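Here's the structure, in structure tokens; my notes come after.
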Amino acid sequence: MKTIQGVLWDNDGVLVNTEQLFYESNRDLLLPYGIDLTPKQFFDWFLHNNYGAWHLLLGQGHSIELVERLRDERTVLLAERLRQARRLAMPGVKQVLAALRPHVAMGVVTSAYEQHFRISHAATDLLQYFDFVLTREMYGESKPAPDGYQLGLQRLGLAAADCVAVEDSPRGLRAARAAGLECIVVRNQMNRHHAFDDAFCVVDSSAELGEVLASFVPGMARSQGQLEAFL
């Protein structure tokens, strides 16, 4: 079995339950223009192919200036919704992080901008478990490009073969694999129908994720009591 010394974590949909809020923010901004963004379109355009939905406005003949204004409005709207949300941490993920922390180095590689990342973690108590956080401003090309994960590996000081990534989106999986990382994908409401054929494995809960990660870590307690901490 593979052993690891480091884990690089995606954020939205993995550590915090924020994908739905981002979807709703985009949908609500587009509705006044006769565009009813569906969850399937959001998954395909944002989480799979990473080109968003602004092309729909441009296709209607709207200006790039309108797109830029709506992009700014989305930043404000999403920040407001994150502030209003409660219990954003994914169920069980804190227990997984706490169990791993004594044994491996860990960092976050997210496509979220720092403003939204910090708001989403204002009350999660999860950041204590990480050695660093890389938000979108801190690296070159966004996922599915490998830039963020390559920088994450540099910050860990480890080879890709000695680490794994945890993701929830096709573009995140492609970014991790392009950086040479095995990748575990966590199922959630948005991605439940996607195959993720190139993942090391796909898990349905934090409990399953904890068991898979524990199997990678030599010296980590494997008693029944330890594993029950993930449940």
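In this structure, is Ala123 touching a residue at least 12 places away in the same chain (Cβ under 8 Å) and touching a helix residue (DSSP H, G or I) at 6+ places or on another chain (Cβ under 9 Å)?
no
Considering only the range 112-231, give the helices (runs of 4 or more DSSP H) lying wholly within it that have at least 3 residues that are at pLDDT 95 or above and surrounded by 15 or more Cβ atoms within 10 Å (Cβ to Cβ).
So the answer is 114-120, 147-156, 170-178, 206-216.
Taking only pairs six or more apart or across chains, which ones have beta-carbon atoms under 9 Å, a first residue in the range 40-64 that is in contact (Cβ under 8 Å) with a residue 12 or more places away in the chain, and a second residue that is β-branched (Val, Ile, Thr)?
Short answer, once both residue conditions are applied: Ala53/Ile35; Trp54/Ile64; Trp54/Val67; Leu56/Ile35; Leu57/Ile35; Leu57/Val67; Gln60/Ile35.
The values are calculated or read from the model by the stated rules, or taken from the named source; none is laboratory data. Predicted, not measured: the structure shown is a model, and the values here were computed from it. Positions of Cβ are generated from backbone atoms using ideal geometry, with glycine treated the same way; all protein chains shown enter the neighbour counts.
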